[in-house]
């Protein structure tokens, strides 16, 4: 078990932002024999071929074609982004001639308090001008560079009675003292190996430098940055690569910007998934009707982590649907369809779990608490197919250091492997399965 978890923690360590996460997964797919397709070019697809494509360098789709006709898709969708702080333009802010801090803004809904007093750095991408061409390049400043220092208890005696953080005042990271006149973007340019004046745009984020760790009696838990949702993404990819060939068409889908609503061109509400699935048919000379028939036979698992019962706040969870770390994969339910799970997709997932030999749990929000939404209901606006929303139980969601259960991760790999090795077919209001 520890070997698989350590591989996950290494992947997370190499993925400080969505851009690096996609780069890491691209490398893994290429090593497994997958061919990269570019959206702006024609696709030459062949039966039995293995392919992937990206959008915005932060979202990715991979698929395998069966040796026969494509008549169904087996899709697992997750997301690459996590809550953080994005660096603003002109970020350097001098304080009384002695400090320089950086101007940042919140990305997504994070827990603010855990960002204080821990080593941070900056990663993402930059746009670089080279003559008449503009190219994007990844950048990661791989050293302890920043800190958001807390105010001492002596200067705020009420701090432990609760505090409302102001992002513009309280959350700005310190990066150098007054003994230097260096600008922050020159530091970024050095890390990227380019001239400062050639940087014409940037998507740069703070990231937590603390590495992941396995802990607890029997090594039952692990903690790391960005478990929501790189844990599901990594497990999905493992299952995708390990699955045996079938008559179905397995699809690994990784979207960006879930934490801010998914409405970008690379988000779950975009046309990315629909574009890729349709091109599988159109690039091989098949018509839209064949695509629509395949969609009717298809099934999607929307995989985004779930809230475990908190040992110190057990009353915050639903009274009769209790979800625990290492208790099994979590099926999410919502009467208002914030999650896509319904009776049919729930039943399909129960079948998959029995086939894979893994445990399930069921999550509902308390009836007096409004929960968040996720990928499934948003992607359904573009590709309408039967979908179940699931996740892996965790604590401290949207903290820069989250906690999950080791056995749940392995369970999801097993389930994803089984799912990706099946063909689904719609029958009489339900589904049938074959290898």
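Throughout, read-outs are computed from the coordinates displayed, never taken from laboratory work. Note that the structure is a prediction, hence the values are computed from the model and not measured. All Cβ positions, glycine included, derive from the backbone under ideal geometry; neighbour counts span all protein chains shown.
Spin-label model, residue 46 to residue 407: label points 7 Å out along the Cα-to-beta-carbon direction sit 4.6 nm apart. Computed from the Cβ-Cβ distance with R0 of 35 Å, the FRET efficiency linking residue 155 to residue 320 stands at 0.15.
Comparing Cα centroids, segment 3-82 and segment 398-435 end up 17 angstrom apart.
Per-residue Cβ neighbour counts within 10 Å put 333, 154, 398 in the sequence 154, 398, 333, beginning with the fewest. Classified by the C-alpha gyration tensor, segment 349-420 has an oblate form. Its axis ratio a/c, with a ≥ b ≥ c, is 1.5 or above, and a/b does not exceed b/c.
Where only DSSP H runs of four or more residues are counted, the chain gives -7500 deg cm²/dmol as its mean residue ellipticity at 222 nm, each run worth -39500 (n - 2.57).
A straight chain from residue 182 to residue 382 at 0.36 nm per residue would run longer than the Cα-Cα distance by 67.3 nm.
When both bridge partners sit in the chain, DSSP labels roughly 70% of those beta bridges antiparallel. Taking square-rooted eigenvalues a ≥ b ≥ c of the alpha carbon gyration tensor, is the chain rounded, prolate or oblate, where a/c under 1.5 means rounded and, failing that, a/b exceeding b/c means prolate? In terms of gyration-tensor shape, oblate. Full extension of the segment from residue 130 to residue 89, taken as 0.36 nm per residue of separation minus the current Cα-Cα distance, would add 12.7 nm. Panel order for 210, 300, 397, by other beta carbons found within 10 Å of each beta carbon, from fewest to most: 210, 397, 300.
GNM remark for the chain: springs join alpha carbons under 10 Å apart, and the peak mean-square fluctuation among 297, 160, 377 falls on 160. Rounded to the nearest 10 degrees, the angle from helix 18-31 to the longest Cα principal axis of the chain is 50 degrees. Short-range pairs are left out: with C-alpha atoms under 8 Å and at least six residues apart, the relative contact order of segment 84-207 is 38 percent. Angle, helix 227-242 long axis vs. longest principal axis of the chain, Cα atoms, 0 to 90°, nearest 10? In the chain, helix 227-242 runs at an angle near 40 degrees to the longest axis.
For segment 232-311 and segment 137-169, what is the separation of their Cα centres, given in Å? Here the answer is 37 Å between Cα centres. Using 0.36 nm per residue and subtracting the Cα-Cα separation, the extra length available between residue 168 and residue 354 on full extension is 62.0 nm. Please say if segment 179-317 is rounded, prolate or oblate, where rounded means a/c under 1.5 for a ≥ b ≥ c the square roots of the C-alpha gyration tensor eigenvalues, and otherwise the choice is prolate for a/b larger than b/c and oblate otherwise? Cα axes put segment 179-317 in the oblate bin.
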